[in-house]
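The values are calculated or read from the model by the stated rules, or taken from the named source; none is laboratory data. Keep in mind that what you see is a predicted model, and the values were worked out from it rather than measured. Note: ideal-geometry Cβ built from the backbone for every residue, glycine included; neighbour counts use all protein chains shown. Quick note on the areas: whole protein, heavy atoms, side chains included, nothing else; ligands and nucleic acids left out. Shrake-Rupley method; radii C 1.70, N 1.55, O 1.52, S 1.80 Å.
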Amino acid sequence: MNKLIIVSNRLPLQISIENEELNVSPSVGGLATGMKSVHEAYQSQWVGWSGLTEEQIPKGLEKKVEEAVKKEGCVAVPLTEEEMELYYFGFSNKTIWPLFHYFTQFTEFSQENWDAYKAVNQKFADVIIGMVEKGDKVWVHDYQLLLLPKMIKEKCPDVSIGFFLHIPFPSFEVFRILPWRTELLEGMLGSDLIGFHTFDYERHFLSSVRRILGFDGSFNELNVNGRIIKAESFPMGIDYDHFFDAAMDQQRKSIKDRSKIQQELSKYQLMSPEVKLILSIDRLDYTKGIAHRLRAFEHFLKKYPQFLEKVTLVMLAVPSRASVEHYQMMKSEIDELVGRLNGEYSTINWTPIWYFYRSLPFENLIDLYTSCEIALLTPIRDGMNLVAKEYVATRIDQKGVLILSEMAGAAKEMSEALVINPNNNDEIADAIKTAILMPEEEQISRNTLLQDRLKRYNVARWASDFMNSLNKTEELKNRFLAKKLTSKIEEKILEKYKSAKKRIIFLDYDGTLVGFKNKPEDARPDEELYKILDKLSSDSKNELVLISGRDREFFNKWFGDKNFSLIVEHGVWLRKPNEEWKLIEQMETGWMETIRSVMQFYIDRTPGTFLEEKNYSLVWHYRKADPELGKQRANELKDELGSLIANHNLDILEGSKVIEVKNSGINKGRAALTRLKNKEFGFIFGIGDDWTDEFLFKSLPKEAITVKVGIMNTQARYYIESVDESRDLLRKLGDCS
Ligand code: GDG
């Protein structure tokens, strides 16, 4: 049976060793908490580091550790202390983490760390390659393993690979700073599906791929050397019921059965009912904006002194990456700030900040969530922020107010929270005041909406959406991708060609016989191409037809004296050898003036674009424009044209970096059929590269051999990859004559 392999830097467990005895417990953190339910539901194997370096495992206990890990459905990748230092604390947390969170000032560039990052990714790859089988799925997680998808794909092309990035993907302008940006992108593109928390991260990623690697695609599908790769956003949810039920359980317990923390919190609230508790929970990380939050809290106390002794900030900072210098500096800053604020504002009966620097058991986390009337979460940047969702899920009476930074991915889905800019102290102070004074009905109505959404889009749904999408990328490949034209198939085609008494050959021009150039006039035929075409057309059994979207002038100039037929403007005009041009169909052109002025407007606003005027169509070219702007304007133009053409009998064709408007019903397929009428051919062949050639592929009879140049969704039977391959094939056909 096919299996799912989950891969993350860290396995979702913690191992401690005492007197040669192992103690295994679940680990804390967004990814571990979120994926735990997926791991159980799919009975997957989880590959990652165990949390103990090779040096930390006493000699002779290696087997025991391996078994303990295996019991949890996990496979450990052994890492040394040095590898952890360079790959994890080094490249992952001193380069990618700060840069992807826009902390460019903290970003370090070290060749040694990068080398270790590559080597450890390779170590992971080797473990996975050793256990994966055809048809399996691999789901790789997060920024420590960006190179892994490519490493697996290269060795196991039949394995479906999904990748999910749990942190933001920065804008191109920030990402481009990285010296190893190309390798990282290529690493990610080994995946079949790449998931992000928000559409913004997805869009930044696609933009970097386009600008740095030059790969293009339509919408969120990339065509990378023949593979279709999808980028999509999947906002990660939480195990809603787990949190809601835990809060219910806690409430049902008698006072004496409750945790010590809960008993003390309850006692405090009983004695000081006028004091509101404001919760703040994060890993101690500079991206979480803890110091900013403290300053904003101070600003609140100054701006609204009426709330002195009426609010307490309950701040849990979970130790994290304590060996990294910036984390140590931040810890000192926070210690100092808490000390100063408490020193300055405390009274005998009141301490403004309760500060816990430790990790708490799950039960106590729930105690904090349920006891605090307000949650104040103000990260400077945060991929998602699950704490915000967990807080809302534990509000079983729907009371409580969430104040959330707009820089957290979660803010995109949680608009009923009080959404603030974490750098705006005034706004935060006002939000705290609003939260304190918010009427209960309003709290309930906001939380009801939030809870409904969290319940529906929980972590199980997130995972199943991701898995379904990964399965779909498989289907997409099978459904739309033509078969690669292998040498075996080629032999059969040549056989068929040889045995046919009459043959017809339709050839598209741009992108099929010649490569694209910035200007249409530069893509002229060369000697080699003339030779190929002459050879094919010199065989009396052959009817050769060049079928293109170009206008008559170009083809007259290049092929005017040739012994083959020309069909231009997608099927408007036909010229048989030694005859005059004839209209295949009569058309009206009254629409052109309006469309021309619309296109002109886009040309004025988009440098590098220009208009090509054909007799019966207008074409807007954007190949020379900035790729991002060009694509964006193309979408805008299509949109605008869509509404304009409604009343006319017109079609919008999207070719390769062109948008063309022409009378509808005219297409290469229809024109080609006029050449087949009342004739018998033993060999019908059509080849083309873009969307407009799909009409040809669709219209030719079933037995026709249709070939797409490039790997995209197509109606053609076969595909080849380049103009060179297409010329090769035609040369071989000619040689058979
Ligand atoms: C990364 C991204 C993204 C925290 N303290 C304790 C504890 N926790 C649990 C919480 C929550 C998780 O840790 C923290 O998740 P976050 O999402 O808030 O943040 P990161 O750890 O930075 O996670 C983040 C996430 O990945 C998922 O994609 O949302 O943006 O940075 O689940 O409950 N749990 C226990 N004790 C604690 O003291 N038991």
> Once amide H atoms are built 1.01 Å from N in the peptide plane, which residues 5 or more positions from residue 662, or in another chain, come under 5 Å H to H?
Replying inline: 651, 653
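What ranking of 418, 377 comes out by heavy-atom accessible area, probe 1.4 Å, highest first?
Details: 418 25, 377 0 Å².
Ranked from most to least accessible, the order is 418, 377.
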>> Once the convex hull of the alpha carbons of the chain is built, what does its volume come to per residue, in cubic angstrom?
In response: 199 Å³
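Rounded to the nearest 0.05, what FRET efficiency do residue 540 and residue 580 have when you use their Cβ-Cβ distance and R0 = 22 Å?
Details: r = 23 Å, r/R0 = 1.04.
With R0 = 22 Å, the Cβ-Cβ based efficiency is 0.45.
Using DSSP, restrict attention to beta bridges with both residues in the range 209-337 and report what percent are antiparallel, rounded to the nearest 5. Each step should come with its number before you reach the end.
Numbers: 6 of 14 bridges.
If I count the DSSP bridges inside the range 209-337, around 45 percent turn out antiparallel.
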> Tell me, what ³J(HN,Hα) does each residue in the range 117-126 have, in order and in whole Hz, if you take phi through Karplus 6.51 cos²θ - 1.76 cosθ + 1.60 with θ = phi - 60° and put x for Gly and Pro?
Replying inline: 4, 5, 5, 6, 4, 5, 4, 4, 4, 4
>> Show me, for the range 233-244, the HN-Hα J-couplings you get by feeding each phi into the Karplus relation (A = 6.51, B = -1.76, C = 1.60, θ = phi - 60°), rounded to Hz, glycine and proline as x.
In response: 9, 9, x, 6, x, 10, 7, 4, 4, 4, 6, 4
>> What distance in nm separates the two pseudo spin-label positions at residue 25 and residue 299, each 7 Å out from Cα along the beta-carbon direction?
In response: 3.8 nm
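In square nanometres, what is the average projected area of the Cα convex hull of the range 247-317?
Working: hull surface 24.1 nm².
The directionally averaged projection comes out at 6.0 nm².
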> Measuring with a 1.4 Å probe in the full set of protein chains, what accessible area per residue, in whole Å², belongs to the chain?
Replying inline: 43 Å²
> Which value in Å is the Kirkwood Rh of the range 182-234 over different Cα pairs?
Replying inline: 10.8 Å
> Amide H neighbours of residue 610 under 5 Å, counting only residues 5+ apart in sequence or on other chains, H built in-plane at 1.01 Å?
Replying inline: 621
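How high is the FRET efficiency from residue 500 to residue 615, r the C-beta distance, R0 51 Å, rounded to 0.05?
It comes to 0.90.
R0 = 22 Å: FRET efficiency of residue 70 with residue 259, Cβ-based, nearest 0.05? Don't skip to the end; give the middle numbers.
Values: r = 33 Å, r/R0 = 1.50.
Computed FRET efficiency for residue 70 and residue 259: 0.10.
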> Roughly how many nanometres apart are two label points built 7 Å out from the Cα toward the Cβ at residue 108 and residue 56?
Replying inline: 2.0 nm
>> With +1 assigned to the C-beta of every Lys and Arg and -1 to the C-beta of every Asp and Glu, and no other charges, what is the dipole magnitude of the range 240-456 about the Cα centre in debye, to the nearest 20?
In response: 260 debye
>> Please list, ordered by chain and number, the residues whose modelled amide H lies under 5 Å from the amide H of residue 420; skip anything fewer than 5 residues away on the same chain.
In response: 404, 405, 406
> In the chain, carbon and sulfur make up what percent of the accessible area (probe 1.4 Å)?
Replying inline: 49 percent
>> Could you order the peptides 432-440, 537-545 from most to least packed, using the average number of other C-beta atoms within 10 Å per residue?
In response: 537-545, 432-440
> Cα-based Rg (one decimal) and Dmax (whole number) for the range 592-684, in Å?
Replying inline: 15.9, 51
> For the range 11-141, what are the per-bin percents of Cα-Cα distances with bins 10 Å wide, up to the bin holding the maximum?
Replying inline: 11, 36, 37, 15, 1
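What is the ratio of the Cα radius of gyration of the range 4-233 to 2.2 N^0.38 Å, where N is its residue count, to two decimals? Don't skip to the answer; put the middle values down first.
Details: Rg = 17.6 Å, N = 230, 2.2 N^0.38 = 17.4 Å.
Against the compact-globule rule of thumb, the ratio is 1.01.
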>> What's the ranking of 65-78, 654-667 by average number of surrounding C-beta atoms within 10 Å, highest first?
In response: 654-667, 65-78
>> As a test of understanding, state the convex hull volume per residue of the range 46-119 from its alpha carbons, in Å³.
In response: 91 Å³
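Working out 0.36 nm times the residue gap between residue 664 and residue 211, then minus their Cα-Cα distance, what length gain in nm do you get to one decimal?
Numbers: separation 453, 0.36 × 453 = 163.08 nm, distance 3.47 nm.
Extending this stretch completely gives an extra 159.6 nm.
Provide the gained length on full extension for the span residue 737 to residue 183, in nm with one decimal, where the gain is 0.36 nm per separating residue minus the Cα-Cα distance.
My answer for the length gained is 194.7 nm.
Scaled to the compact-protein estimate 2.2 N^0.38 Å, what is the alpha-carbon radius of gyration of the range 444-579, rounded to two decimal places?
Numbers: Rg = 25.9 Å, N = 136, 2.2 N^0.38 = 14.2 Å.
Dividing the Cα Rg of the range 444-579 by 2.2 N^0.38 Å gives 1.82.
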> Going toward the positive end of the dipole of the chain, with +1 on Lys and Arg Cβ and -1 on Asp and Glu Cβ, which of 100, 723, 402 do you reach last?
Replying inline: 723
> How big is the antiparallel share of DSSP beta bridges in the chain, given as a percent to the nearest 5?
Replying inline: 30 percent
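Would you mind working out the magnitude of the charge dipole of the chain relative to its Cα centre, with +1 at each Lys and Arg C-beta and -1 at each Asp and Glu C-beta, to the nearest 20 Debye?
On the way: 99 positive and 111 negative charges, 436 e Å.
Once rounded to the nearest 20, the dipole reads 2100 debye.
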> Which percent of Cα pairs goes in each bin when the distances of the range 240-456 are cut into 5 angstrom slices starting at zero?
Replying inline: 1, 7, 15, 20, 22, 18, 11, 5, 1, 0
> So which trypsin sites (Lys or Arg not before Pro) in the range 172-279 are both in a DSSP loop and have at most 13 other Cβ atoms within 10 Å of their Cβ?
Replying inline: 176, 253
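In nm, what is the difference between 0.36 nm times the number of residues separating residue 639 and residue 271 and their Cα-Cα distance?
On the way: separation 368, 0.36 × 368 = 132.48 nm, distance 6.34 nm.
My answer for the length gained is 126.1 nm.
Per the Cauchy relation, a quarter of the hull surface: what is the mean projected area of the convex hull of the alpha carbons in the range 76-134, in nm²?
Values: hull surface 19.4 nm².
Taking the Cα atoms of the range 76-134, their convex hull projects to 4.8 nm² on average.
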> What ³J(HN,Hα) values, in whole Hz, does the Karplus curve 6.51 cos²θ - 1.76 cosθ + 1.60 give for the range 562-579 when θ = phi - 60°, with x put for Gly and Pro?
Replying inline: 8, 9, 9, 8, 10, 10, 10, 6, 6, x, 7, 10, 10, 10, 7, x, 6, 10
> Top to bottom by accessible area (1.4 Å), largest first, where do 117, 457 land?
Replying inline: 457, 117
